[in-house]
Amino acid sequence: MKRLPVLAFLVWVCALFYVGIFLFVGGFLLVRLEVNRTSTCEDVLLPSSAGSGSDFCHAQPRFRRAVVLIIDALKADFARYDPSNLSPRPYENKLPVLDELVASRPAHGRLFTFQADPPTTTMQRIKGFTTGSLPTFIDVGNNFASSAILEDNLIHQLGQAGKRVVFMGDDTWENLFPKKFHRSLPFPSFNVKDLHTVDNGILQHIYPTMKGDDWDVLIAHFLGVDHCGHRYGPDHPAMADKLTQMNGVIRSVVEHLQNDTLLVVMGDHGMTDTGDHGGESPKETEAALFLYSPSPLFPAPETKADPTVVPQTDLVPTLALLLGVPIPYSSVGQVLLPLFPLPGQAEGQGGGPDRAEALWINVKQVNRFLETYSSMAKDIPPDRLSELQAAFARVSAAYLSALHQGEPASPELIRSMQAYLSSVRDTCRASWARFHPVKMAAGLVLLAGACLLCYVLSELSSAVLAEGGVLRAPLVVGLCVAGCVAVAQLSSQGYVDVHWCLAAAAASSEVLFLWRNCRRSNRSSSSSQKGRVAPPRLLSAALVVLLLRCASLLSDSYVIAEGRAVTFLLCSLGLYVPLRLNWDGLLLPPPAPDSQKPPGALPGLPAWVVRREGAALCLSLCVLVGSLYLSLAMHACREEQGGTCQPSPFLSPLARVQDSRLRNMHYLLSVAALAGWTHLLYRWLRHYGNLNSPGVAVVAARWLLPGAAVLTGLHWAVGSAPEDAFRGLAELIRLAQSALPRAACAVLGLGAALLWLDPLTVFLKHRAPAGPHRAASAPPPPPSYRASIGISPQAELHHLIPQLYQRIRRSLEDGPAEGGAGEDGRPAVEAYGLGTVYSAPLLLFAGLLGLGLLLLHPESMAPAFLLLLLEAAALLHIHAACSTLYSQQGDYSKAFSVPWAPVVLWSLAATQFFHATGHLPTFPSLQWGAAFVGFPDGHTGTLLPATLVTLNTFSAHILFAVACPLLLFWPLVCEVRWNRSGRSGGGEESEDVIMEMRLRENPQQFSSALLQLAVRYLLVSGAQVLASVCAAAVLRRHLMVWQVFAPKLMFEASGFVVGSVCLLLGVTLILRVDMAVSGWFKRLLPDTSR
Amino acid sequence: MNYQLNLFSTYIYVCFSRISSLSMWDTEIRGMASAHAIIASSIFMATILPAILLEKFSVYGSHLVWLYSVAGSVAVVNIAVFWLLGISPPTKRHTLSHKVSKLVRSCLYFLLSCLFFHTVVVLYGAPLLESALETFSLAVLLSTMTTLRCLCMLGPNVQAWIRVFSRDGAMSVWDTSLQITTGCSVLGAWLGAFPIPLDWDRPWQVWPISCTLGSTVGFLTGLLVAPVWIHWHRKQLIYKSK
């Protein structure tokens, strides 16, 4: 068979898809230019102080020192105190100190709701409230690799002003601000299970530091609350303990405060009811902000006009002006007015600007930033820009004239300055949601072209493969065009835009290929119809379901309810299959031998075979529908679904389950599912005789698979033990937690490696007439094959395979011990497992991979994986039964071609199990716990945890893509089912039963069918990517675009990339097996000719 | 030669039977159209009459009342029409005990079909415990529109049912109309599930109103389409004799 061309075609098609996705994402995901300028003291000179000559930075600031306590994920609800609530939940009423301070000293402290901008991840938030700028979507990707902040920020300004900044807590800061701190005590932040290390580290050092005098600004970032939320959720006693501890911390910090010190207590973001964050729901964005000072902080009593909700960017200018440093260059925040004295009151408040001055400094700084930014980037619309500039001119004229006349600024002026600041902020927010429409359109067109190409390739796979060298011209032309575009860009613009080079290459090769095939198909259709394969069956329904699925991606409601929608479609297509078969009259055996039909026109199956296949079909359908229904119980919930959705109880790790009986039940269920997974695979391999060979692949199946399962079970047992249960064994448990999963992983990896090394599971047994020789090493008597010496090896091969196979069949029935070998002079040789030589290694590989992926999931997800196995088996059997039943109509199975319906079912099942393994296409629902499997102490690098989380997220896509070639083999594997009992016909019929050896006999058809199947799978998944790309492009101004469509696009695209790579892996394994089989036959043939 | 003669005579026979049956066809189609019109009007009556007689009746508000009124009227009219027209399978025995056993079996089949539809609807994602009554009512409605017609036309004979729903299984225009109406009702119920996840907050998006409405509309469409379609394709339709 043609191995390299198949692989080359697939890689090329995948590359086309990748380029399309890359181009679209490059135009769709927003990028904000960073302005690398910094503010200086001269920038904030007030017009009045220009005369008096005093410098802003050297003037007496309002506060000399500040203590900033950042309590990660301190939600606004946590900080509120409601004395009338007599039975508070674990997270309610646990911070009474804030309420006491506000009530007893209203001029000294106030509590606000702190409005964070999405994305609500810690690193983005730290960036936000130190630089004062707005984040863009692309920043989300940087969460693993915190890199230093290059924009002007508060820490930098404090350092410039000579303030000594002392930091302790979350080590993200150390990465963001390297060498910016006077003193820094970072603690590891990545281990979400660790509630206390960071907090206890801070508590050890914070009081001695505060008592000492070598600091001006103290930043302490507590992580316990956030980790507690991630690990247990807010509604857990551990959260009450943590918040009570924080209450004590705030109380004693307040006692340590001096008069010239400002205290800021804030949360960087909130959390959902499950303790996650990252999105933009109110629960995640609303954090708490508490400001307090022993000296009066709020000059005027609280009025209705004062804000209760403070945007997070507003903290930057406020803190800067209170501490007497310039506002960072690219801040778009607005000073918090209630903290500044009214105009004219300033003298009594000891230094610092009054409200009008503060606003004026702020307005000037924002205007300067706007000017710089608009000169660098053209994304702010010009009309909006000129409006803003006009507003600034008006405000500054009014302010300066008021200043010259020596009268305090009027409230109207203050309001107009505030309005100016708000409109700048809104403009920035709107224009940083900016797209590159040309790139998006190009990406869309490329993806659509790739889908079309997939369709053409799947229809013409045999013709294309038969010709050979079809791919060379498109590739060469693509490379040339890319080179030309690069040169043209270099000469005209001076730099190379990778996007356009790739786009040109992909488009030109696509167009060339399509054009040539168009011509070819015209020619071939005029000459003969031979190139056409069997007419597509079930096409209409499969196509309708695929279209519905793609259309559902265009509606936010259906994306939110995606899990159920996909299950619904899968169920519909599954139930349609027998209805359609019955409509064609193929489900039931024909009532009586019909004399009207001319005999011989239809091959026809015996009635009992039809009945049996029909029963198998119905049984598989029941399994399919049952596993679909059960899998609905494993779904997680999106925030948008609200209270109507209950997240599955299987989602939480066992350590979080508090009831010990429930925990034991879950554990037993998981172990049973694990055993089921292993046992089913083992049974299947044994049933088809794949466990007899002494080869290494069999070692993997016999020992490594169960071994890894046992290790996984042990790992779960250790991991689900409650934290404080075995104090004496803590060290041992710790060791086991890291060693067991690593060992399991190593065993699985070893198994996979052995499988690649020698994928054959065929055991050739030479049998002497005298008695069975158990071992293959025993010297066999020369085997007597029927093949005569005179004919060519090729012809020998043809004779050999059926006879080998006949032996296998007999051994399947009689067991390996007995076989009436020599009596009729037939060859005395048996090849166990030859009939499943292709599918067995693939299945084993998928099984090993599945165990590895299961290891990355919470323990309770094991039943979902068992359901996955059952459903995949049901789909395969439905497909096999269908193709057997359809073979009544004509020589349907001869071409090995897999119709659309099973491929669509297979691809939908991958999406369905993405949801049924507890995943959702949203960023907060990523299962970060996967990064800690085998690494309970966290990581140093970022590549490994990112890989683990990716594997965890797309495990369903991976498994279904790897196992996709099984669709090709299964009808052949199931062939034995009806021919085995019908062997009374004798030698004539036994020629039929050669299972997967059929593929070897028709290498051309094998390779074209394999290519066709893989390309169809790529098309079905690619069409879904195309649909979500269309959704993101068309609905880019939709309300839900950043909440629903953009994450869906990212997940769909990454799922496609991961899935296609795994499909290539699966196909490569098949090709590897084919090579090994060729070698095996080569070794066998010299034997026979001897 | 003999074979060709045979073929020729068959051809002549087919032509003659076509010609002779064409007029018969028209009467049959007309009869079916009027029967379908009666059934369709009974659905409208079942909607209008309670609205006049009962206070506070609305299709959405008191949905189950509407549902059972429609189901009841469709059942009664169906049975009456098919009894009057005498389109029922020929029976060999006319004893009373045979009739009673047939009736009992029909009732049992109807109940089983309700349970079957209920199971299928639940497997499609309907809530299992809450609003089980509503789900079951949908199953009853679907059974009335599909199984009851099968029972009326074919009798309690599952094999015949399965046979009817294949491409060349129809043996009369009534069988074809049964295929069309049943397919349309089930398809309507299936399509009715589509608007449920949408966030439009309409009263008809509540489970199972959209599905019952969908199946009713589908059934009406089937009733309307069946005579038209059969009339349109009367040249292509050839029915094997029983």
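The values are calculated or read from the model by the stated rules, or taken from the named source; none is laboratory data. All figures in this text were calculated on a predicted structure; none of them were measured in a lab. FYI the Cβ positions are ideal-geometry reconstructions off the backbone, even for glycines, and counts take in every protein chain you see. We work out accessible area using only protein heavy atoms, side chains counted, and drop any ligands, DNA or RNA first. Shrake-Rupley method; radii C 1.70, N 1.55, O 1.52, S 1.80 Å.
May I ask you to give the solvent-accessible area per residue for segment B:127-242, in square angstrom, as obtained with a 1.4 angstrom probe?
That works out to 45 Å² for each residue.
7 Å from Cα along Cα→Cβ at both A:TRP515 and A:SER87: what's the point-to-point distance in nm?
Calculated label separation equals 7.7 nm.
As a check on your grasp of the helix formula, calculate [θ] at 222 nm for chain B: sum -39500 (n - 2.57) over DSSP H runs of n ≥ 4, divide by the residue count, round to the nearest 500. Could you put the intermediate results ahead of the total?
Numbers: 8 runs with 176 residues, N = 242.
Computed mean residue ellipticity for chain B: -25500 deg cm²/dmol.
Provide A:THR644, A:THR1068, B:THR181 ordered by accessible surface of protein heavy atoms (probe 1.4 Å), highest first. Please report the intermediate quantities before stating the final value.
Values: A:THR644 130, A:THR1068 45, B:THR181 0 Å².
Largest to smallest exposure gives the sequence A:THR644, A:THR1068, B:THR181.
Around A:ASN93, with a cut-off of 11 angstrom between Cβ atoms, what is the net charge of the other residues, counting Lys and Arg +1 and Asp and Glu -1?
Values: positive: A:ARG80, A:ARG89, A:LYS94; negative: A:ASP77, A:ASP82, A:GLU92, A:ASP99.
Here the charged neighbours net out to -1.
Out of residues 5 or more away from A:PHE222 or on other chains, whose amide H comes under 5 Å of its own, with H placed 1.01 Å from N in the peptide plane?
A:ILE70, A:ILE71, A:ASP72
Pop the C-beta distance of A:LEU1065 and A:TYR455 into the FRET formula with R0 = 22 Å and round what comes out to the nearest 0.05.
On the way: r = 24 Å, r/R0 = 1.08.
For A:LEU1065 and A:TYR455, the calculated efficiency is 0.40.
Tell me, what is the per residue accessible area of segment A:182-229 in Å², probe radius 1.4 Å?
Details: 1800 Å² over 48 residues.
Per residue, segment A:182-229 has an accessible area of 38 Å².
Convert each backbone phi in segment A:235-250 into a coupling constant with the Karplus relation 6.51 cos²θ - 1.76 cosθ + 1.60 (shift: θ = phi - 60°), then list the ³J(HN,Hα) values in order as whole Hz, x for Gly and Pro.
8, 8, x, 4, 5, 4, 4, 5, 5, 5, 4, 4, 4, x, 4, 4
Are there residues in segment B:143-167 whose accessible area shrinks by at least 20 Å² when all protein chains are included rather than the chain by itself, and which are they (probe 1.4 Å, ligands and nucleic acids not counted)?
By number: B:ILE162, B:PHE165, B:SER166, B:ARG167.
List for segment B:92-140: residues with 30 Å² or greater reduction in accessible area, all protein chains versus chain alone, probe 1.4 Å?
B:LEU123, B:TYR124, B:GLY125
Anything over 23 Å Cα to Cα? Flag those among A:LYS163/A:LYS211; A:LYS94/A:LYS127; A:LYS242/A:LYS283; A:LYS75/A:LYS127; A:LYS127/A:LYS179; A:LYS180/A:LYS283, in the order listed. All intermediate terms of the calculation are to be shown ahead of the outcome.
On the way: A:LYS163/A:LYS211 17 Å; A:LYS94/A:LYS127 29 Å; A:LYS242/A:LYS283 19 Å; A:LYS75/A:LYS127 19 Å; A:LYS127/A:LYS179 16 Å; A:LYS180/A:LYS283 33 Å.
From A:LYS163/A:LYS211; A:LYS94/A:LYS127; A:LYS242/A:LYS283; A:LYS75/A:LYS127; A:LYS127/A:LYS179; A:LYS180/A:LYS283, over 23 Å: A:LYS94/A:LYS127; A:LYS180/A:LYS283.
Rank-order A:571-578, A:466-473, A:327-334, A:68-75 by packing density, defined as the average count of other C-beta atoms within 10 Å over each peptide's residues, highest first. Show your work: numbers first, answer last.
Working: A:571-578: 20.2, A:466-473: 12.9, A:327-334: 27.5, A:68-75: 25.8.
Packing order, densest peptide first, comes out as A:327-334, A:68-75, A:571-578, A:466-473.
Would you mind giving the total buried accessible surface between chains B and A, with a 1.4 Å probe and ligands, DNA and RNA left out, rounded to the nearest 100 Å²? Don't skip to the end; give the middle numbers.
Details: alone 14670 and 43820 Å², together 56700 Å².
It comes to approximately 1800 Å² buried between B and A.
Report the full-extension gain for the segment A:ASP214 to A:ALA672: residue separation times 0.36 nm, less the Cα-Cα distance, to one decimal in nm.
On the way: separation 458, 0.36 × 458 = 164.88 nm, distance 6.08 nm.
Here the segment from A:ASP214 to A:ALA672 would lengthen by 158.8 nm.
So which helices of chain B fit the span-like rule, where a helix is a whole DSSP H run, its Cα atoms reach 24 Å or more along the axis, and its mean Kyte-Doolittle is at least -1.0? All intermediate terms of the calculation are to be shown ahead of the outcome.
On the way: long enough: B:2-53 (72 Å, 0.80); B:63-85 (32 Å, 1.80); B:96-123 (40 Å, 1.32); B:173-192 (28 Å, 0.74); B:209-232 (33 Å, 1.35).
Length and hydropathy pass: B:2-53, B:63-85, B:96-123, B:173-192, B:209-232.
Per residue of A:626-637, what is the mean number of Cβ atoms on other protein chains within 10 angstrom of that residue's Cβ?
Working: counts 1, 0, 3, 6, 0, 0, 3, 0, 0, 0, 0, 0.
Taking all residues of A:626-637 together, the mean is 1.
Would you mind getting me the FRET efficiency between B:LEU85 and A:HIS687? Use the beta-carbon distance for r and R0 = 51 Å, nearest 0.05.
Values: r = 56 Å, r/R0 = 1.11.
It comes to 0.35.
How much net charge surrounds A:ALA701 when only other residues with a Cβ under 14 Å from its Cβ are counted (Lys, Arg +1; Asp, Glu -1)?
+2
Tell me, what % of the accessible area of segment A:72-121 is carbon and sulfur with a 1.4 angstrom probe? Write out the running numbers ahead of the final one.
On the way: 1080 of 2090 Å².
For segment A:72-121, the apolar C and S fraction of the accessible surface comes to 52 percent.
Mind ordering B:96-102, A:337-343 by average Cβ neighbours within 10 Å, highest first? Display every interim value, and only then the final one.
On the way: B:96-102: 11.4, A:337-343: 20.9.
So the order, starting with the most tightly packed, is A:337-343, B:96-102.
Please list the non-local residues whose amide H lies under 5 Å from the amide H of A:VAL837, H modeled 1.01 Å from N, same-chain partners needing a gap of 5 or more.
A:GLU996
Give, in whole angstrom and from largest to smallest, the semi-axes √(5λ) of the equivalent ellipsoid of chain B, with λ running over the eigenvalues of the Cα gyration tensor. Numbers along the way, then the final one.
Working: eigenvalues 277, 80, 66 Å².
Listed largest to smallest, the semi-axes of chain B are 37, 20, 18 Å.
Can you tell me the FRET efficiency between B:ASN157 and A:LEU630 if r is taken as the Cβ-Cβ distance and R0 is 35 Å, rounded to the nearest 0.05? Walk me through the numbers on the way to the answer.
Details: r = 34 Å, r/R0 = 0.98.
Result of the calculation: an efficiency of 0.55.
Under 9 Å from the Cβ of A:ASN153, count the other residues' Cβ atoms, weight Lys and Arg +1, Asp and Glu -1, and hand me the total.
0
At A:GLU34 and B:HIS98, where each label point lies 7 Å from the Cα along Cα→Cβ, what is the point-to-point distance in nanometres?
For A:GLU34 paired with B:HIS98, the spin-label model returns 9.1 nm.
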